[in-house]
1. Residues in the range 37-55: is at least one under 18 Å from residue 107 (Cβ atoms), surrounded by fewer than 12 Cβ atoms within 10 Å (Cβ to Cβ) and in contact with a helix residue (DSSP H, G or I) (Cβ under 8 Å, 6 or more places away or on another chain)?
2. Looking for something under 19 Å from residue 146 (Cβ atoms) and surrounded by 15 or more Cβ atoms within 10 Å (Cβ to Cβ) - is there at least one such residue anywhere in the range 85-93?
3. What number of residues within the range 1-18 are exposed (fewer than 14 other Cβ atoms within 10 Å of the Cβ) and farther than 14 Å from residue 108 by Cα?
4. Taking the residues in the range 139-151 that are over 16 Å from residue 29 (Cβ atoms) and touching a residue at least 12 places away in the same chain (Cβ under 8 Å) as candidates, determine which candidate is surrounded by the most Cβ atoms within 10 Å (Cβ to Cβ).
5. Do you know which residues across the range 24-52 are without any contact (Cβ under 8 Å) to a residue 12 or more places away in the chain and closer than 13 Å to residue 117 by Cα?
């Protein structure tokens with residue numbers, strides 16, 4: 001799929017079938033995420049692949065009971081590793097660069113999922129402390145994005161976007 005086709009076809013889906021995502025597609029999605037740019041090429045993040053129904057059920061209250069978390073076959077949790085960025089960039093790396101690294105990787109994964117013919121939804125509404133507890137993260141590791149990935153359970157609805165004039169300012 002051409003890049004601009006991928007961008008046009010990416011839509012948030014919250015109703016997933018129980019069909020599992022094939023291992024080769026998961027591998028391709030992860031490989032794409034790992035190709036994302038990162039500060040100093042440190043890749044200051046970890047990606048948790050959550051296949052376990054038990055873990056997805058544990059994540060449900062942490063995601064404010066967004067039901068698709070339980071029903072989707074795969075959840076990816078992108079975790080910033082502050083210590084990696086701090087080692088090279090000090091406080092700015094700790095506070096910002098690791099979060100940017102994880103966020104960019106999640107974006108690449110979401111676009112790769114679309115290119116692989118599966119759907120996704122970006123989850124930003126979650127309790128980071130509870131997600132950290134469930135995933136047994138260290139204090140310097142912070143979850144920054146959750147992607148639910150699977151096959152849609154029906155037609156995908158298109159959404160509109162704000163006009164360019166409202167979003168872009170030329171200086």
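Just so you know, all these numbers are worked out from the coordinates, no wet-lab data involved. Given the structure is predicted, the values throughout are model-derived calculations rather than measurements. With ideal geometry, Cβ positions are generated from the backbone for all residues, glycine too; neighbour counts draw on all protein chains shown.
1. yes
2. no
3. 5
4. Across the range 139-151, the extreme among qualifying residues is 143.
5. Of everything in the range 24-52, just one residue is without any contact (Cβ under 8 Å) to a residue 12 or more places away in the chain and closer than 13 Å to residue 117 by Cα, namely 24.
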